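Working notes, structure below.
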Amino acid sequence: MAGKALELGGPIRIADYLSLGLLARLVPPSLVDQALTTHGKHSVRQRDLPAHAVAYYIMALSLYRGINTEEVLRVVTEGMEYLGANAIRREVGKSAISAARSRLGADVMRTIADRSIAPLATEQTPEAFYRRLRLVSLDGSGLEVADEVSNRKAFGVPGTQQGRTGYPQLRFVGLLENGTHILFGVALGGYRDAEVTLAHEAVQHLKPGMLCLADRGLSGYPLWAAASRTGAQLLWRIPKNRSLPVRQRLPDGSYLSEIEPAPRTLQKMKVPDATPLIVRVIDYRLPGVPDAEPIYRLITTLLDPEVAPAQELAALYQSRWTIETTFAEIKTTLKGADVVLRSKTPELVRQEFWGLLLAHHVVRKLMLEAALVQERPPDTLSFKHSLALMRRKLPASGAIPPRAVPEVVAGIG
């Protein structure tokens, strides 16, 4: 027998719907309006669920995982009063919510995410920079979605020798600002989409002044070349058995080399030739670390050992694991115990994913604000506790407009 979705008993509390005011402060209504205009999704007549309100409601669904859709709407309705004519005017049923979400579609939410989620660290943010270079990490992950025929066709399903198994899966690749855990530049696909293919889309969000870390699964020549062309600096791990000729030994034990595509890769690139790219190679070990590999190998665009010593870069590379922590925040803490995302159709699955990403961004942005007020590194704050506090504990009374929130967020800890 299927379990019943949780409800929030008792009268609506300001602490429950204050998060919607925070959403509107951190994701401004003007930005939502721009996205609606871009995709022609403004409500053409007065509705119980106007488009502006639906966009915020989708974000709220990810803040209240495990609560049924009607209950989330009941909780957040009063928190949307500041939207005026764009607020939800009365309680509506599940079918009306589904219809409103379908009218909005996924592209609006993706545009809101693309325009509102960006690196936030300042030079004063601890562990956010290395020698004035903004630290970012590149990686990908997946999420399981409802086992519907349309989702299987749209996203694909893991396979075995016995055939398909498990749930359909989303696949996504993005960039993480290490110092703030802000995940940006995200490319979304399905299980059948190669992680490297999605990474080509994600690296277009790199900029000069960034130092990008990535693991060996993404270290092929085409992606390295594409990331290099953005002007960002790179520090990527590569397989230790990859043959790299020594062109010049450097004082710190690293050496200059060149990378070029293998003949097979060159064929796939469909170009007559590809220019070898100069890289600096750093080999190092982790003595005393259980299960450590015999040798680790990094390549970097930082060619001067005096500007970026090998020992510093080897130690710095370990911060790449910050992105795995962030994936856990999204897939475990924020998504909760649900096996799959709650949406049933491919379009609404994509819409829910962008809402989930925006919800994570809002919590992380609040944590950064709180850390600045308390003069603490953001990593010393608990994501789980901050999420719970955002849902239930923020003190307030009366109707709370977004601009009234800043002075109360410093209690996150």
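Quick look at the numbers
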| read-out | value |
| --- | --- |
| Anisotropy class of region 160-236 from Cα gyration tensor, a/c 1.5 cut | prolate |
| Cβ-based net charge around His39, under 10 Å, with every Lys or Arg adding one and every Asp or Glu removing one | +1 |
| Gain upon complete extension [Gln267, Val339; 0.36 nm per residue less C-alpha separation] | 21.8 nm |
| Efficiency of FRET between Ser382 and Arg229 - r from beta-carbon atoms, R0 51 angstrom, step 0.05 | 0.85 |
| Euclidean distance between Cα centres, region 119-183 to region 21-43, Å | 24 Å |
| 3J(HN,Hα) from dihedral phi, region 292-305, Karplus parametrisation 6.51/-1.76/1.60, rounded to Hz, x for glycine, proline | 5, 6, x, 8, 10, 10, 10, 10, 8, 8, 7, 8, 9, x |
| Nonlocal amide H pairs with Phe129, under 5 Å, H built at 1.01 Å | Leu135 |
| Residues Ile295 and Thr325, FRET efficiency given R0 of 30 Å [Cβ-Cβ distance, rounded to 0.05] | 0.70 |
| D (Stokes-Einstein, µm²/s), Kirkwood Cα radius, region 123-273, 1.002 mPa s at 20 °C | 122 µm²/s |
| Surrounding net charge for Ile295, when Lys and Arg each add one and Asp and Glu each subtract one, Cβ distance under 13 Å | +4 |
| Net lengthening on full extension, Leu277/His200 (0.36 nm per residue, minus Cα-Cα) | 25.9 nm |
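Throughout, read-outs are computed from the coordinates displayed, never taken from laboratory work. It should be emphasised that the depicted structure is a prediction, and the values quoted were computed from it without experimental measurement. Cβ sites come from the backbone with ideal geometry, for glycine too, and all protein chains shown count toward neighbours.
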